[in-house]
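See below for the structure under consideration.
The values are calculated or read from the model by the stated rules, or taken from the named source; none is laboratory data. The shown structure was predicted, so the numbers you read here are calculated from the model rather than taken from an experiment. When we count neighbours, we look across all protein chains shown, and the Cβ atoms used for this are built from the backbone with ideal geometry, even at glycine.
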Amino acid sequence: MTTLIVGATGATGRLVVDQLLHAGEKVRIIARNIDKLPPQLQKRDNLSIIQGTIIDMSEKERIKHVSGCDAIISCLGHNMSWKGIYGSPRKLVTTSIQKLIAAVEKRQSKETLKLVLMNSTGVRNRDLKEPIPFAQHAVLGLLRLAVPPHLDNEKAADYLRTYQNKTYSSIEWVSVRPDTLLNHDKVSPYTLHPSPTRSAIFNSGQTNRINVAHLMTELITKQDLWDKWKGKMPVIYNTSLNIK
Ligand SMILES: NC(=O)c1ccc[n+]([C@@H]2O[C@H](COP(=O)([O-])OP(=O)(O)OC[C@H]3O[C@@H](n4cnc5c(N)ncnc54)[C@H](OP(=O)(O)O)[C@@H]3O)[C@@H](O)[C@H]2O)c1
């Protein structure tokens, strides 16, 4: 299987690239700055690298790059700089997902394609009417106004959640929702939940990036896990912090 990854140069994206290659999968990445990918990763077999960004390339190029792919993973996120947070593109994740889906719909193959979005526990799954305390509701409202990346994550998740196939192509999706991200070298036990079990604002949990990468790899390679979570927004927490 071939998976296209955007956001592959990021702290989580590069771990997904590594784990998918390790699992024997073929990986294609689109990155604006290839040098941000560790050199040892750049040289790996079964990895093809395309320089550019989904938003800036032409539709023809996007269709070419999604063709032949069985899955797409987005680990895109705004850089935590003034320019990354308030500059263009403000809807980096949403626009990239929209353009990727449009390209998939226009490719020749009508095979089912898996799409995995890296999202956040701060984003609600409105299908489930997830209840949140009033205070958190107020803080999220402020974040929506003051921090464009939060709104972008919400819009991207909502776009996928309400997406209807417009053509004969079949796109299935999963939005993975980690809590506060941490860096660790080894995959550790983690748990998955349909909805957050703690407040993302007032009592946040922790999720190792490498565990997010592990989950994404398993979603792509294990059909039973995919079938369990497709069309859903699993929340992922490191296990140790869930022991009360
Ligand atoms: N931080 C947290 O605790 C937390 C918690 C839950 C969820 N999340 C979400 O998780 C996602 C990924 O997090 P992360 O820490 O792994 O991200 P990251 O290390 O910041 O990586 C972001 C990726 O997006 C790319 N990117 C940024 N701006 C771009 C642009 N304008 N055009 C094209 N590509 C662009 C970066 O490319 P370059 O390498 O070229 O910059 C990089 O590959 C984000 O959506 C974030 O909101 C974060």
| query | Being basic (Lys, Arg) and modelled with pLDDT under 95, is that true of even one residue in region 24-43? | reply | yes
| Unmet requirement for residue 15, which otherwise passes all of (1) crowded, with 21+ Cβ neighbours inside 10 Å; (2) more than 11 Å from the ligand (Cβ to nearest atom); (3) over 22 Å from residue 112 (Cβ atoms) | (2)
| Residues located in region 49-90, provided they are under 15 Å from residue 171 (Cβ atoms) and either in a strand (DSSP E or B) or touching a residue at least 60 places away in the same chain (Cβ under 8 Å) (or both) | 66, 69, 70, 71, 72, 73, 74
| task | Name the residue, out of 31, 8, that is crowded, with 20+ Cβ neighbours inside 10 Å and either in contact with a Cys (Cβ under 9 Å, 6 or more places away or on another chain) or among the basic types (Lys, Arg) (or both). | result | 8
| query | Which residue, of 83, 129, 106, is within 11 Å of the ligand (Cβ to nearest atom) and over 21 Å from the mean Cα position of the chain (by Cα)? | reply | 83
| task | Go through region 159-215 and give me each residue that's more than 16 Å from the ligand (Cβ to nearest atom), over 26 Å from residue 139 (Cβ atoms), under 17 Å from the mean Cα position of the chain (by Cα) and not aromatic (Phe, Trp, Tyr). | result | 171, 172
| Is there any pair linking a residue in region 21-34 that is in contact (Cβ under 8 Å) with a residue 12 or more places away in the chain to one that is of a type in the set (Gly, Ala, Ser) and surrounded by 17 or more Cβ atoms within 10 Å (Cβ to Cβ), with Cβ under 7 Å and at least six apart or on different chains, and which? | 29/8; 31/8
| task | Only residues that are assigned to a helix (DSSP H, G or I) and more than 15 Å from the ligand (Cβ to nearest atom): list them for region 21-38, please. | result | 21, 22
| note | The condition of being of a type outside the set (Phe, Trp, Tyr), within 24 Å of residue 10 (Cβ to Cβ) and surrounded by fewer than 17 Cβ atoms within 10 Å (Cβ to Cβ) holds, among 232, 222, 228, only for 222
| request: Sort through 104, 93 and tell me the only one that's touching a Cys at 6+ places or on another chain (Cβ under 9 Å), in a helix (DSSP H, G or I) and in contact (Cβ under 8 Å) with a residue 60 or more places away in the chain. | output: 104
| remark: All conditions in (1) surrounded by fewer than 15 Cβ atoms within 10 Å (Cβ to Cβ); (2) more than 12 Å from residue 8 (Cβ to Cβ); (3) at pLDDT 95 or above are true of residue 86 except (3)
